[in-house]
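Quick notes on the structure that follows.
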Amino acid sequence: TGGTSQHYALSTGTKVIVLEWSEKFKTPSQTDRMGKAITDLSSVLILNGPHAGKELWVKNMHIEIQ
C-alpha cells in the first residue's frame, strides 16, 4: 500500500467475523502485562453498517466477545 494507511470510524455494535487473530493475542504471556496483546491488530470482516464487506485490521481492545 505504499506505506499509507487509512482509518475508519466503526460504531459500537458493529458486528464482525475475526479472520485472523494477532499472534500476540493467541500466544500466552508469562506476565500479566497485556499491553502489546490488546494494542496488536487482528483482521476482521465487517458484517453490518456502512463498511459492511470490508476486511479491516482492528486493535484487539476494540473487539468484544459476546
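Quick note: the coordinates plus some simple rules give every number you see, no bench work behind them. Just so we're clear, the structure is a prediction, and the values are computed from it rather than from any experiment. Positions of Cβ are generated from backbone atoms using ideal geometry, with glycine treated the same way; all protein chains shown enter the neighbour counts.
Taking Thr14, is it of a type in the set (Ser, Thr, Tyr), surrounded by 12 or more Cβ atoms within 10 Å (Cβ to Cβ) and assigned to a loop (DSSP other than H, G, I, E, B)? Judged against the criteria, Thr14 is a match. Restricting the stretch 20-66 to residues that are assigned to a loop (DSSP other than H, G, I, E, B) and among the charged types (D, E, K, R), which is surrounded by the fewest Cβ atoms within 10 Å (Cβ to Cβ)? This residue is Asp32.
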